[in-house]
Structures are given as structure tokens and as C-alpha cells.
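Read through the structure below, which is laid out as C-alpha cells, and then see the notes.
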Amino acid sequence: MWPLIIFSFMWYFVPCYQQFPRLCATQEALRTKVCCPTWEGDGSACGASSGRGFCQDVEVSDQPDGPQYPFSGLDDREKWPLVFYNRTCQCAGNFMGFNCADCKFGYFGVNCDQRRESLRRNIFHLSRAERIRLVSYLNLAKQTVSRDYVVATGTYMEMENGSAPMFADVSVYDVFVWMHYYVSRNALLGGPGNVWTDVDFAHWAPAFLPWHRVYLLHWEHEIRKLTGDRSFTIPYWDWRDAQGCDVCTDELMGGRSLQDPSLLSPGSVFSSWRVLCSRAGDYNNRGVLCDAGEEGPLRRNPGNHDRNMVERLPTSAEVEFTLSLTNYDTGAMDRNANMSFRNTLEGFGDPQTGLGNSSRMGMHAALHLFMNGSMSSVQGSANDPIFLLHHAFVDSIYEQWLRRHRPSPSQYPDSNAPIGHNSEYHMVPFLPLHRNREYFISSKDLGYEYSHLLDANQRLSESMRPYLEELQDVWPWLLLAGLCGGIVVVAVAAAVVTAKRRYRGSSWLPASSWKNLFTLPERQPLIGSNDTVESSHRNYQTTM
């Protein structure tokens, strides 16, 4: 079975979005095992005529995998992407994409020669306009059917070795929901209930952090393409020491429904979302893949989880302990790894001792279980938009560790990691192809930074930015209000002067009475009066 995802990012080169042919989802492409679509810029495969890339044989590593998955030739994800393609576009220079139409992360422009660094911000440091934009972009992605990507609904064998393609259209957002499901699903060994559960090509092993880094980068690119907003970045939720789901408000990721605590408030746009690929047990029982159909509303019930599994959200001290671990991964490089930064950050290592296979989930996994709904299923967790904010913060911790310890590339294992996690393994199910070790590098090399990793002055400036922007938005109204107030004061003063002149000589209002009308009687002594002091004190308190 093949999870075909066609990443066609054409918005750098043309002023409007272009529909790319889904050549790699056709019977011909599947049967010939060639995925080298043309670049519309010059009409040649992979943009070869312009030197952007070339159609070449896919090379896969022959390094041995760990013992966790003892099979061979049963799962479509083995030696990705050879079950489906043995020839793909391999791009030159700063070009990237399934047909080399895109730029590498961090590069922009027609010739991909413009370097730019994006900034991912704390969601609570976004201005009100930026928060509204974030929610609207997410909802737009959920409601817009992807024109470029399709998802696989059957195995390669079910597709009769390519003769009968099985793909479905889904929304831009749901393409990424499906990707997270597909990379983490159980291996189908044939027939109902016959599955192998100890396999995951993106979790519980060394590629966890690089894989999710690439996932977020592609998701960010897709939102930029959909909206035309090239400045868009994924914000992060800093959940250290949080007492609850701070982002679970209708203004942000959706509050709790008063009628059903496991559902979202109808005041949130996310309450209308429908999930897919969230019923892992059902697929296993039937021995099938997710069919990409709707499976009910988005669910979330933060805090009402199994306390035996997760005591609370991670603390600052636990994050700091995790960052102090010097080894990226250790031992069998799975859930049993001791004193492993990766395993501790992912959640199976104890964040206070570093010992693996902990009975309680910590760090990354703790937050998933704390959400107690769609987020608590590994395969279906990306249905909840909190997933993006959460993993952006996890990625920032990964980045902080890379900068603190400056690991040698050799720290990332070449062999004997669980299947899919060796350094030269191509990440499932990405097209274009990415190798795990390529993302064992700083985010700065990939064109982005995190606001809480800036220096002190920059962090202060960044935290003040939304308030200054909002002040900039309202200052014309404040100025107008001040002018109106000034006009009113002048008008009242003019009326008083006019009235005084008109009635100064009037026989029915003596001058002495006029004087008393506009002056306050003196009361002595002001300072010595207890009543007056107490009254003034109350007024001061009220004013404050």
C-alpha cells in the first residue's frame, strides 16, 4: 500500500496557485514505479532542463534495523519508498519538492536564492489580530479540499500492485492528519486482527524529533501556500508548569462544552470539526487501513485523564533535567532507553531519573494523555489543532538541546535502531524524500527560530510587540476621543462665559448671587476634619 502525498509548492514561482497533475497517483506511475513529474516552469521532468533536478534511482540504506520488527516484505513502509517507486526527482542546490518546484526550507524566491529566517512565537505573545488569523487559517485548511495531495486508502497489494489505485481526496489539514496516522499505524500481516503493534516509523525511537520537525515544516509551507501569507509561522504553547489547558478557550483552540465536557464549546469554530483515522482498534480488527472518512466530532476533556498514567503537566524542572541529558539516545533506542534525551523528552523516560520504560508518562506523552480525547490516540492525535502548538514547543526543546550540547552527527545512529529510524532511512511517507540525519541540525540551518530562545533584549522586545501593535491600532481612536473631549471642554467654557456676560447686569440676579453661583464655599479647617479625610480616602480607593 502506498501513502501518496504530492507536495507541489508552486506559489514561489507564479502569482496564483497552479493545479499539478497527480501523476504519481496514476496506474502508469505505480506500475512503472517512477515518480518524476514535470516542472511547469520548463516542461521537463524534475525541471531538468533548468538544472533544478533529475529523475534518478532511489538509493536506500542496507544498514540493519533493530529487532523490534522481525519481518521483511510485509509492510509498504519498509525501505520507503521502494514498494511504490524506485525512481524519483532528486533536486539540486536549494531546490526541493516532488518535482523540484519548491525551495528548501529557509529559502525563497524564483531561484530559491533568498535566505530568510522565520520566527515561531509563544501563542500568548500573539496580538489579537494574529490569534484571529491563526484560527481562521486552521479552519480554512480544514474546510478546503487539497488540490495537490491525495491519501492512500489501501495497501499496494490491495491496489493489485498498482493496477487499481486506491486514493481519496481530503482537506489540506486532513492530509497531515492522515500522514501522522499512516506513519504510526500498526503493521498489517494479513487478515482481520493479524497485526504487529511494536512498530512505528516516527515514534518511540531516534527519528521521533527529526520526523516531527519535517512534519511541522511541511505543514507551515502548506498553510503559506493556501493563504498566500508567506510570513505565517506555527506558534507554540509553553506548557511548563501549566495547571490546565491554557489554550482551551474559544478565542484560541476551543473551550469546553457545558452540555458535554468531552466536546468543544459551540462558541469555537473547532466544535464543528470532524476527525478521521482515529479508530486504530477498529482498523486492526478488520485488518484494513483508514478509509479517510469522517468519524465524529473532535473530542477533548483536559485534566479528566488517568492519574495513574499522568500525574500532571510537565514542570520547568523536568524540562531542565531532560535538557541536561548528554546522550541523544542509548541502548536499544526504543522505549527502554535509559538516560536518553530523546526517550525522556518523548515521554517513556522518567523526567526526574532518566530511567526508561517508566510506568508513568512524562513530557511530550504526558500532554497527549492529559488532553484525554482525540489527542490521547497516537494515530489520531493530529486531528486536534493543539497538536501543532504542542509539537512546536517539543521541537523548541529539541532545538535547545542541540544548541546546548552541539552533538556530532555520529550521535545519530546509523544502524540497529527500530525500523524507520536509522540515519539514512527515508522518512515515511514524505515525497520529496528526507533522510532522518538531515534534520539532526539546528533550526537556524532550516530557516526558523523560536522567540523564547532569543537573547534577553530580543525576548523582551518580542513579548512587548503585540501590545505595541494593538496600541498602534487604537491610537487614532484615542486621538479622536481626545479631540472630541477638547471640543466639549471648549464648548462648555464658551457657554459659561457667554452666560456670565449675559446675566451679569440682570436685575433679578445680583452680582453677589452670581459670584456665589460659580464659587465653592470655603470650609475650615480642611486638614483637621476626620470625616473629610475618610471621605477622601474612600474616593481615592474607588478611583484606583
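Just to be sure before I move on: is residue 92 among the small types (Gly, Ala, Ser) and surrounded by fewer than 17 Cβ atoms within 10 Å (Cβ to Cβ) in the structure I sent?
yes
Can you find, within the range 189-231, the residue that is least open to solvent (accessible area, probe 1.4 Å) among those that are β-branched (Val, Ile, Thr) and part of a loop (DSSP other than H, G, I, E, B)?
199
When you go through 30, 4 one by one, which is the residue that is surrounded by 20 or more Cβ atoms within 10 Å (Cβ to Cβ), modelled with pLDDT under 95, more than 30 Å from the chain's Cα centre (by Cα) and not polar (S, T, N, Q)?
30
State all residues of the range 400-425 that are open to solvent by less than 10 Å² (accessible area, probe 1.4 Å) and not in a loop (DSSP other than H, G, I, E, B); if no residue qualifies, say none.
Residue satisfying the conditions is 401 alone.
With the checklist (1) under 24 Å from residue 174 (Cβ atoms); (2) open to solvent by less than 10 Å² (accessible area, probe 1.4 Å); (3) in a loop (DSSP other than H, G, I, E, B) in hand, flag the one item residue 310 doesn't pass.
With respect to (1) under 24 Å from residue 174 (Cβ atoms); (2) open to solvent by less than 10 Å² (accessible area, probe 1.4 Å); (3) in a loop (DSSP other than H, G, I, E, B), residue 310 is out only on (1).
From 317, 280, 332, grab the single residue that is under 27 Å from residue 189 (Cα atoms), more than 21 Å from the chain's Cα centre (by Cα) and open to solvent by 40 Å² or more (accessible area, probe 1.4 Å).
After applying the criteria, what remains is 332.
For residue 30, which of the numbered conditions (1) farther than 25 Å from residue 221 by Cβ; (2) touching a Ser or Thr at 6+ places or on another chain (Cβ under 9 Å); (3) part of a loop (DSSP other than H, G, I, E, B) fails to hold?
Among (1) farther than 25 Å from residue 221 by Cβ; (2) touching a Ser or Thr at 6+ places or on another chain (Cβ under 9 Å); (3) part of a loop (DSSP other than H, G, I, E, B), the lone unmet condition for residue 30 is (3).
Of all residues being open to solvent by less than 50 Å² (accessible area, probe 1.4 Å) and small (Gly, Ala, Ser) in the range 427-457, which is farthest from residue 87 (Cα to Cα)? Just the residue, please.
Step by step, filter the range 427-457, then rank; the result is 451.
If we keep just the residues of the range 60-112 that are under 31 Å from the mean Cα position of the chain (by Cα) and among the charged types (D, E, K, R), which is nearest to residue 444 (Cα to Cα)?
104
Would you call residue 52 more than 31 Å from the chain's Cα centre (by Cα) and either touching a residue at least 24 places away in the same chain (Cβ under 8 Å) or open to solvent by 20 Å² or more (accessible area, probe 1.4 Å) (or both)?
Answer is no for this residue.
When residues of the range 236-271 are filtered for being in contact (Cβ under 8 Å) with a residue 24 or more places away in the chain, of a type in the set (Gly, Ala, Ser), in contact with a Leu (Cβ under 9 Å, 6 or more places away or on another chain) and surrounded by fewer than 21 Cβ atoms within 10 Å (Cβ to Cβ), how many remain?
3
List every residue pair whose Cβ atoms lie under 6 Å apart, where the two residues are 6 or more positions apart in sequence or sit on different chains, the first residue falls within the range 333-350 and is part of a loop (DSSP other than H, G, I, E, B), and the second residue, located anywhere, is of a type in the set (Phe, Trp, Tyr).
Filtered contacts from the range 333-350: 334/204; 335/204; 335/348.
Condition first: over 20 Å from residue 98 (Cβ atoms) and either modelled with pLDDT under 95 or buried (at least 17 other Cβ atoms within 10 Å of the Cβ) (or both). Now tell me which residues in the range 142-152 satisfy that.
Within the range 142-152, just 142 meets the criteria.
The values are calculated or read from the model by the stated rules, or taken from the named source; none is laboratory data. Source: prediction; values computed, not measured. Because the Cβ atoms are built from the backbone with ideal geometry, glycine has one as well, and the counts that use them run over all protein chains shown. The area values use the complete protein model at the heavy-atom level, side chains included, leaving out ligands, DNA and RNA. Shrake-Rupley method; radii C 1.70, N 1.55, O 1.52, S 1.80 Å.
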